[in-house]
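Below is one structure; the comments refer to it alone.
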Amino acid sequence: MSDNFIRRSNKREIYVSRIVTVLYLENSSDFVFGGESHDFWEFNYIDKGQMIVTVGGKEYLLKSGELVFFKPNEFHSLEARGLSAPNHTVVSFVSNSDAMKYFKGKIIALNSQERKLLSILLREGLSAYKPINEHPPIMGMEEKENAPIGAVQMTFNLLEEFLITLLRRSESGISIGTRLISPMYDERVPDRIKEVARYMEQNISENLTVLQIAKRFSLSESALKKMFSNDAGCGVTDFFNNMKIEKAKEYIRENEKNFTQISEELGFSSIHYFSRLFKKKTGMTPTEYRSSVIYPSE
């Protein structure tokens with residue numbers, strides 16, 4: 001008997017080969033995650049509050065209802081820094097599909113259909129997996145013994161469906177670059193502030209005073225303070241200290257200098273003052289921040 005049936009194979013625009021994490025996190029307004037880099041994809045979705053995302057040494061604002069992707073081997077960190085306490089979904093996975101290139105550097109505001117699909121994905125993922133409880137912690141999940149039938153397969157299928165759904169309306173994704181919040185890069189910030197910021201960056205190892213900076217730009221101290229208060233939203237000294245602390249975080253992530261060297265490199269009067277300021281600005285001591293950073297495996 002002849003076979004007149006044509007059998008079509010599956011065409012997978014996006015194929016997820018591994019799932020690393022499916023998590024839902026409720027955080028306080030002082031939440032800080034020092035950062036990590038890994039060889040797989042990750043996205044974070046904020047369903048409540050706001051969060052500051054740092055990628056490539058630049059800071060971006062992620063708002064409620066928005067999702068951001070991190071490509072493989074892209075170092076990223078997250079923190080609330082006094083904003084509305086963020087609740088967020090974290091999904092990380094392995095995919096080598098060419099279509100994933102679209103998600104590089106993208107922020108996507110989810111519509112109601114996509115939020116519902118993500119909610120189903122999260123519920124299924126949490127029914128299938130639980131975090132691995134190891135010391136030191138291992139990033140990943142293990143299958144639950146009492147997981148519903150097919151929960152793992154459903155999680156993979158739902159994740160692929162979610163990614164394809166986002167891909168189908170790709171024109172509505174925005175570049176993460178539109179959310180730069182550092183005055184060094186924010187187009188809304190006046191050029192004069194950027195000039196002062198560049199001067200501070202060039203002299204970040206110095207202990208510059210407000211008077212020194214004002215004289216450098218032929219301004220009075222009061223005029224400089226007013227300019228920063230109006231256009232940068234903080235004082236001159238606070239701005240410079242914030243810049244120093246961000247540089248200190250970069251040094252700690254690089255893991256090539258000890259805390260004393262970092263303190264001296266950035267012109268602090270003592271390591272004790274550096275530690276106090278670091279704690280005040282980040283909510284963590286330098287040691288705690290270093291412990292929170294997950295370095296890529298060699």
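Which residue is nearest to the chain's Cα centre (by Cα), if the candidates are limited to region 96-133 and must be within 21 Å of Asp39 (Cβ to Cβ) and among the hydrophobic types (A, V, I, L, M, F, W, C)?
In the first step, residues of region 96-133 are kept if they are within 21 Å of Asp39 (Cβ to Cβ); the result is 96-106, 125, 129, 131-132.
Within this subset, residues satisfying the condition of being among the hydrophobic types (A, V, I, L, M, F, W, C) are 99-100, 103, 132.
On the way: Ala99: 22, Met100: 19, Phe103: 15, Ile132: 23 Å.
Ranking the qualifying residues of region 96-133, first place goes to Phe103.
For region 196-221, which residues satisfy the criterion of being buried (at least 16 other Cβ atoms within 10 Å of the Cβ) and at pLDDT below 90?
Listed by number, the list holds a single entry, Ala197.
Quick one: which residue in Ser119, Ser64, Ser84, Ser127 is at pLDDT 85 or above and surrounded by fewer than 16 Cβ atoms within 10 Å (Cβ to Cβ)?
Only one candidate qualifies: Ser119.
Do you know which of the residues in region 133-148 that are modelled with pLDDT of 90 or more and among the acidic types (Asp, Glu) is surrounded by the fewest Cβ atoms within 10 Å (Cβ to Cβ)?
Here the residue is Glu145.
Within region 7-17, identify whether any single residue is surrounded by 19 or more Cβ atoms within 10 Å (Cβ to Cβ), within 17 Å of Asn96 (Cα to Cα) and among the aliphatic types (A, V, I, L, M), and answer yes or no. Break it down into steps so the answer makes sense when it comes.
Our first condition is that a residue be surrounded by 19 or more Cβ atoms within 10 Å (Cβ to Cβ); within region 7-17, this holds for 14, 16.
Subset that is within 17 Å of Asn96 (Cα to Cα): 14, 16.
Checking which are among the aliphatic types (A, V, I, L, M) leaves us with 14, 16.
Yes; the residues of region 7-17 include at least one that is surrounded by 19 or more Cβ atoms within 10 Å (Cβ to Cβ), within 17 Å of Asn96 (Cα to Cα) and among the aliphatic types (A, V, I, L, M).
Confirm whether Phe156 is modelled with pLDDT of 95 or more, surrounded by 15 or more Cβ atoms within 10 Å (Cβ to Cβ) and either assigned to a helix (DSSP H, G or I) or among the charged types (D, E, K, R) (or both). Write out each step before concluding.
Details: modelled with pLDDT of 95 or more: yes; surrounded by 15 or more Cβ atoms within 10 Å (Cβ to Cβ): yes; either assigned to a helix (DSSP H, G or I) or among the charged types (D, E, K, R) (or both): yes.
Here the answer is yes, as Phe156 does meet what is asked.
Restricting region 227-259 to residues that are within 16 Å of Phe274 (Cβ to Cβ) and of a type in the set (Val, Ile, Thr), which is farthest from the chain's Cα centre (by Cα)?
It comes out as Thr237.
Give the residues of region 92-109 that are in contact with a helix residue (DSSP H, G or I) (Cβ under 7 Å, 6 or more places away or on another chain) and surrounded by 17 or more Cβ atoms within 10 Å (Cβ to Cβ), sorted by residue number.
Listed by number, the residues that qualify are Phe93, Gly105, Lys106, Ile107, Ile108.
Within the group Ile252, Ile245, which residue is assigned by TED's automatic domain parsing to the domain that holds Lys281, assigned to a helix (DSSP H, G or I), in contact with a Pro (Cβ under 8 Å, 6 or more places away or on another chain) and not small (Gly, Ala, Ser)? Let's see the steps before the verdict.
Values: Ile245 fails: in contact with a Pro (Cβ under 8 Å, 6 or more places away or on another chain).
Exactly one of Ile252, Ile245 is assigned by TED's automatic domain parsing to the domain that holds Lys281, assigned to a helix (DSSP H, G or I), in contact with a Pro (Cβ under 8 Å, 6 or more places away or on another chain) and not small (Gly, Ala, Ser), namely Ile252.
I need the full set of residues from region 283-298 which are surrounded by 14 or more Cβ atoms within 10 Å (Cβ to Cβ), at pLDDT 75 or above and either over 15 Å from Tyr251 (Cα atoms) or β-branched (Val, Ile, Thr) (or both), in order please.
Within region 283-298, Met284, Thr285 meet the criteria.
Only one residue in Gly82, Gly56 is on the phi > 0 side of the Ramachandran plot and under 15 Å from the mean Cα position of the chain (by Cα), so which one is that? Full working, then the answer.
On the way: Gly82 fails: under 15 Å from the mean Cα position of the chain (by Cα).
The unique qualifying residue is Gly56.
Taking region 247-265, which residues are under 22 Å from Phe33 (Cα atoms) and in contact with a helix residue (DSSP H, G or I) (Cβ under 9 Å, 6 or more places away or on another chain)? Let's see the steps before the verdict.
Narrowing region 247-265 to residues under 22 Å from Phe33 (Cα atoms): 247-259, 262-263.
Matches in region 247-265: Lys247, Ala248, Lys249, Tyr251, Ile252, Arg253, Asn255, Lys257, Phe259, Ile262, Ser263.
Within region 97-115, can one find any residue that is out of contact with any Cys (no Cβ under 6 Å at 6 or more places or on another chain), farther than 25 Å from Ala151 by Cβ and of a type in the set (Asp, Glu)?
yes
Limited to region 29-58, what total is found for residues that are part of a loop (DSSP other than H, G, I, E, B), at pLDDT 90 or above and among the acidic types (Asp, Glu)?
Result for region 29-58: 1.
The values are calculated or read from the model by the stated rules, or taken from the named source; none is laboratory data. All of these numbers come straight from a predicted model, not from anything done at the bench. As a convention, Cβ positions derive from the backbone with ideal geometry for all residues, glycine included, and neighbour counts pool all protein chains shown.
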